[in-house]
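Below is one structure, written out as structure tokens, with a few remarks after it.
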Amino acid sequence: MIPLRPDLDSALKQARARWRRLRFSGQLAVLGSALSAALLLLGIAIWRGAIRHTFVAALLLGRGHRVITARNGREALLELSRHHADVALMDLQMPEMDGLQATLAIRQWERTSGGHLPIVAMTASALADDPDRCRAAGMERFVTKPVSRDVLFHTVEELSEHSVPGTLPPELAGRAAFLAGLGDDLALARKLVDIFVEQSPRLVEQIHSAIVAADSDALRRAAHALKGTIGNFPAGPAREIAARMEMVGFDGDITAARELYPLLEQEVDRLRSVLPALI
């Protein structure tokens, strides 16, 4: 094992000591991965290096920011459903759901719920197309690790001024009641989410095909099945629009179905982006 330089070893020891003091003094909420001029979400793949994770968080805490940490993209989304962060730092290599996937989900939320969360991509091994992929996903900045403290502070503090709070997606507001109804069985909750993610694209396509064929019976059946899968989750716009589409099928009003379909497609996509935060 190659020893660390004495100055870096000393800095890391100080960072770890400060992290422990802040954790146990109650000044730090360990949630997602957050950092901010007020509150920051720090989504870092801890399995890729707990020391680096601790060091980044300690730097931000020492600067006077509040930090929430998440081990993966799912946890980051869950913590954003509980807290308003001013800036998010997302590791591109987080397990389960990476930084790009989490960012796409957040931007999808914002299209209907409003607000804007500045997001910074962090990675230890940048590929040539990584910056373009990050910008396409909706990230504002791209930094490589190890990031210098000056770059870290400047990036966070500049972006925090552009944070705009949004409203919580209604499905997430009902998370506690949803889980309680399942006996807090997370495995069952994940199974329901997986079923929806698997079946909803096919059901939406069946609705589209029925509209094209002007087949009101097929439209009603597909909309009813979609409404059933959505109905497993807390109430929200997707459930309401699926129910409306079913009634349109009963009425045989294909013109109304054509007008409603884009909204249905949009809301089902939005629900798919929200569901990871339920589990």
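The values are calculated or read from the model by the stated rules, or taken from the named source; none is laboratory data. The shown structure was predicted, so the numbers you read here are calculated from the model rather than taken from an experiment. Note that we place each Cβ from the backbone using ideal geometry, even for glycine, and neighbour counts take in every protein chain shown.
Points worth noting:
- Here Ser200 fulfils each of the conditions (1) in the same structural domain as Arg63 (by TED's automatic domain parsing); (2) surrounded by 19 or more Cβ atoms within 10 Å (Cβ to Cβ) apart from (1).
- Residue within region 70-77 that is under 20 Å from the mean Cα position of the chain (by Cα) and part of a loop (DSSP other than H, G, I, E, B) present: yes
- Pick from region 182-220, criterion among the charged types (D, E, K, R) and under 24 Å from the mean Cα position of the chain (by Cα), ranking: nearest to Val248 (Cα to Cα): Arg202
- The sole residue among Ala177, Ala128, Ala213 that is outside the structural domain of Val87 (by TED's automatic domain parsing) and more than 26 Å from Leu263 (Cα to Cα) is Ala177.
- Selected residue [under 17 Å from Glu79 (Cβ atoms), of a type outside the set (Ser, Thr, Tyr) and at pLDDT 85 or above] from Gly138, Gly115, Gly166: Gly115
- Entirely in region 155-238, the helices (runs of 4 or more DSSP H) that have 3 or more residues that are touching a Lys or Arg at 6+ places or on another chain (Cβ under 9 Å) and touching a residue at least 60 places away in the same chain (Cβ under 8 Å): 186-212
- Scanning region 169-195 for residues being of a type in the set (Gly, Ala, Ser), crowded, with 16+ Cβ neighbours inside 10 Å and at pLDDT 85 or above gives a total of 1.
- Scanning region 123-154 for residues that are farther than 16 Å from Leu92 by Cβ and not in a helix (DSSP H, G or I) returns a single hit, Ser148.
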